[in-house]
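For reference, the structure discussed in these notes is given below.
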Amino acid sequence: MEVYEAIRKRKSTRNYTEEEVKREQIEQVLEAGRQAPFAGLAQAGKTDFRHFFVIKRGSETAEKLMDLVLEARKEDLREVEEKHLEEKYPVYAGAVKNGAGKKPVDLFMAPLLIVAAERSGRPAREHAALGYVMENMWLRATELGLGFKLCSGVSDVKDQSAMKRLFGLPEEENYAFEGCSLGYAVSDLYREDTRQLPEFDVTYLP
Ligand SMILES: Cc1cc2nc3c(=O)[nH]c(=O)nc-3n(C[C@H](O)[C@H](O)[C@H](O)COP(=O)(O)O)c2cc1C
């Protein structure tokens, strides 16, 4: 598949079969994430700043991670209420209110959740870098015929220490985290051309 074809066909898959993803395909997707750009200045010549964790639905790690995401959602709700965010962000506030009391099972729509961790540095580019990691993995998954969905609830977890303990990362460092579902789509793996896109709003400045 050509790169642009994968870009056009990529979409968020929200219906997965129960079938386990083959180890070889998982590794092809992770390799694409490993190849994604990193912030050279922030990572200062080191090569041990990017980590991937493959988590199975129903596992002990899955349960612990969902507890942390749920806790983050409760904190988000407290912030919405204290700062009256529903006035400026009604859609967000509604989603936060809806999610605060519920186990975040949306993290495990697929049999697998992949979490990527990027070590924090200066300048702070770790969240941006994870965006590239996710997009590389998404395009590769599309090429391989795998469904993929971002699970950005993982990046909302506020308890850094708990995340580092859960993933066995060194306590003295900080990390950004991002998550995604990976699995076989029930149907409609590829995007239709009729889907809504952002406006083509381009200004060529003098
Ligand atoms: C930064 C970011 C975070 C996202 N987080 C989630 C998420 O947590 N759950 C989800 O289902 N989709 C998530 N999405 C996917 C978007 O909802 C989706 O890409 C958008 O609706 C366009 O649909 P498409 O991916 O099928 O083209 C996220 C997308 C971005 C860019």
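Count of the range 175-206 residues, restricted to those that are away from the ligand (no atom under 15 Å from the Cβ) and open to solvent by less than 80 Å² (accessible area, probe 1.4 Å), is 3. Counting the residues of the range 53-66 that are in contact with a Pro (Cβ under 9 Å, 6 or more places away or on another chain), assigned to a helix (DSSP H, G or I) and not aliphatic (A, V, I, L, M) gives 0.
Every residue, every condition in (1) of a type in the set (Lys, Arg); (2) under 23 Å from Phe38 (Cβ atoms); (3) touching a His at 6+ places or on another chain (Cβ under 9 Å), yes or no:
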position: Ala124; (1), (2), (3): no, yes, no
position: Ala129; (1), (2), (3): no, yes, no
position: Asp156; (1), (2), (3): no, yes, no
position: Ala176; (1), (2), (3): no, yes, yes
position: Cys180; (1), (2), (3): no, yes, no
position: Tyr204; (1), (2), (3): no, no, no
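Of all residues in the range 1-26, those satisfying the criterion of being basic (Lys, Arg) and either within 16 Å of the ligand (Cβ to nearest atom) or assigned to a loop (DSSP other than H, G, I, E, B) (or both) are Arg8, Lys9, Arg10, Lys11, Arg14, Lys22. For Arg10, are the conditions met, namely being within 20 Å of the chain's Cα centre (by Cα) and open to solvent by 100 Å² or more (accessible area, probe 1.4 Å)? When the stated conditions are applied, Arg10 does not pass them. Looking across the range 27-52, the residues that are part of a helix (DSSP H, G or I) and either crowded, with 18+ Cβ neighbours inside 10 Å or within 16 Å of the ligand (Cβ to nearest atom) (or both) come down to Val29, Leu30, Ala32, Gly33, Ala42, Gln43. Lys149 - would you say it is touching a residue at least 24 places away in the same chain (Cβ under 8 Å) and open to solvent by 80 Å² or more (accessible area, probe 1.4 Å)? The answer is no for Lys149.
Sort out for me the strands (runs of 3 or more DSSP E) sitting completely within the range 105-206 that have 1 or more residues that are modelled with pLDDT of 95 or more and of a type in the set (Lys, Arg). It would help to see each step written out before you state the result.
On the way: elements: 112-119, 147-150, 175-183.
Because the criterion is at least 1 residues that are modelled with pLDDT of 95 or more and of a type in the set (Lys, Arg), the strands (runs of 3 or more DSSP E) in the range 105-206 that meet it are 112-119, 147-150.
The values are calculated or read from the model by the stated rules, or taken from the named source; none is laboratory data. Here the structure is a predicted model, which is why all the values come from computation and not from measurement. FYI the Cβ positions are ideal-geometry reconstructions off the backbone, even for glycines, and counts take in every protein chain you see. Keep in mind that these areas ignore ligands, DNA and RNA; they rest on the heavy atoms of the full protein, side chains included. Shrake-Rupley method; radii C 1.70, N 1.55, O 1.52, S 1.80 Å.
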